[in-house]
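What follows is one structure encoded as structure tokens, with my remarks underneath.
Quick note: the coordinates plus some simple rules give every number you see, no bench work behind them. This one's a predicted model, so the numbers in the text were calculated from it and none came from an experiment. When we count neighbours, we look across all protein chains shown, and the Cβ atoms used for this are built from the backbone with ideal geometry, even at glycine.
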């Protein structure tokens with residue numbers, strides 16, 4: 001028979017860390033997605049693309065922005081842990 005596994009101590013949410021990361025994500029997200037939209041529009045004009053190509057370019061840059069934000073949140077969570085041992 002296997003002995004009962006030791007229970008892990010309860011984890012509490014570290015609200016100051018969570019709020020810090022969320023606040024930074026909102027600020028950085030606005031900049032990243034604004035740059036993706038404006039950059040797609042500017043590049044479309046620069047290269048003489050039609051509206052459909054401009055929207056596709058904006059969508060691609062928006063997708064890159066999502067990857068940047070995911071990387072930011074993951075890194076920020078390592079620096080500012082969302083949970084602490086109670």
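Remarks
- Matching option when the condition is surrounded by 13 or more Cβ atoms within 10 Å (Cβ to Cβ) and in contact (Cβ under 8 Å) with a residue 40 or more places away in the chain, among 12, 35, 76: 76
- Residues being in contact with a helix residue (DSSP H, G or I) (Cβ under 9 Å, 6 or more places away or on another chain), part of a helix (DSSP H, G or I) and under 30 Å from residue 16 (Cα atoms) - total across the range 37-86: 12
- Residues in the range 14-36 that are closer than 12 Å to residue 77 by Cα and touching a helix residue (DSSP H, G or I) at 6+ places or on another chain (Cβ under 7 Å): 21, 24, 25.
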